[in-house]
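The values are calculated or read from the model by the stated rules, or taken from the named source; none is laboratory data. Just so you know, these numbers come straight off a predicted model, no measurement behind them. Quick reminder, even Gly has a Cβ in these numbers, built from the backbone with ideal geometry, and neighbours come from all protein chains shown. What goes into the accessible areas is simple: the full protein's heavy atoms, side chains included, and nothing from ligands, DNA or RNA. Shrake-Rupley method; radii C 1.70, N 1.55, O 1.52, S 1.80 Å.
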Amino acid sequence: MLVEDLMTREVEACRPESSLAEAAAVMWRRDCGAVPVVDEGGAVVGMITDRDICMALATRRAYAADVHVGEVMAGGVISCTPEDDVQEALEVMRERQLRRLPVVDSQGRLAGILSVADVVRRARKGGGKRRVKRREALATIKAILRPRGVEDDAHEPELSDPGGDRAPSDSADGEASQPAAHER
């Protein structure tokens, strides 16, 4: 399966000279937690997250309208192309602990975004030609959420998966199981 089969195509971006208030407005409007940052030609030059905005404002004691995206965005963006294999993109997400990858065309211009949510929505038991295996989606989420600097998760108990490739939230009767109170 290719990235283009799963990616979100309608992506709104901001520019380095945009204010944090403008970036936050994009996040509110699009119901997302990250926005690609593009230059005047549409090439991806960074990413900004809701966390970046909160931390910048809290540590600078500044107004969102007074701080530019370019001052706080993450540069050195890791991206993929629409023609990349989804499994390769998932591996990058796992290794780099990224929840989303900008998708760029051959000129580096923004073409979309591949998020963990995009992958999970298409995950199915057993995978298949046009599907992502639930096990792959779960492994990606687990790697992304692993505390930074922790390489070996041998201290963590394995999730029981008596159904082979059944996701932990799937019960035998098809109803989603409720997490224990301490897991909510």
So Val67 ticks every box in (1) in contact with a Leu (Cβ under 8 Å, 6 or more places away or on another chain); (2) surrounded by fewer than 18 Cβ atoms within 10 Å (Cβ to Cβ); (3) over 25 Å from Thr140 (Cβ atoms); (4) of a type in the set (Val, Ile, Thr) but one. Which box is left unticked?
(2)
Quick one: in the range 9-26, which of the residues that are touching a helix residue (DSSP H, G or I) at 6+ places or on another chain (Cβ under 6 Å) and in contact (Cβ under 8 Å) with a residue 24 or more places away in the chain is farthest from Val67 (Cα to Cα)?
Cys14
With the structure loaded, tell me whether Glu40 is over 24 Å from Leu90 (Cβ atoms), surrounded by fewer than 16 Cβ atoms within 10 Å (Cβ to Cβ), in contact with a Gly (Cβ under 8 Å, 6 or more places away or on another chain) and in contact (Cβ under 8 Å) with a residue 24 or more places away in the chain or whether it fails that test.
no
Identify, please: which residue in the range 22-41 is assigned to a helix (DSSP H, G or I) and among the charged types (D, E, K, R) and is, among those, nearest to Ile53 (Cα to Cα)?
Glu22
In the range 44-64, the residues that are over 17 Å from Leu98 (Cβ atoms), surrounded by 15 or more Cβ atoms within 10 Å (Cβ to Cβ) and either over 19 Å from the mean Cα position of the chain (by Cα) or of a type in the set (D, E, K, R) (or both):
Ala56, Leu57, Ala64
Can you tell me which of (1) among the polar types (S, T, N, Q); (2) at pLDDT 75 or above; (3) at negative phi is the one Ser160 doesn't meet?
(2)
Restricting attention to the range 92-108, does a residue exist that is surrounded by fewer than 14 Cβ atoms within 10 Å (Cβ to Cβ), under 12 Å from the mean Cα position of the chain (by Cα) and assigned to a helix (DSSP H, G or I)?
yes
Among the residues of the range 123-156, which ones are modelled with pLDDT of 70 or more, touching a strand residue (DSSP E or B) at 6+ places or on another chain (Cβ under 6 Å) and open to solvent by 50 Å² or more (accessible area, probe 1.4 Å)?
Arg134
Criterion: in contact with a helix residue (DSSP H, G or I) (Cβ under 9 Å, 6 or more places away or on another chain), modelled with pLDDT of 90 or more, open to solvent by 50 Å² or more (accessible area, probe 1.4 Å) and assigned to a loop (DSSP other than H, G, I, E, B) - qualifying residue of Glu88, Glu83:
Glu83
What tally of residues in the range 109-122 results from selecting those that are open to solvent by less than 10 Å² (accessible area, probe 1.4 Å) and outside any helix (DSSP H, G or I)?
2
Residue count for the range 71-80, restricted to those that are outside any strand (DSSP E or B) and open to solvent by less than 40 Å² (accessible area, probe 1.4 Å):
1
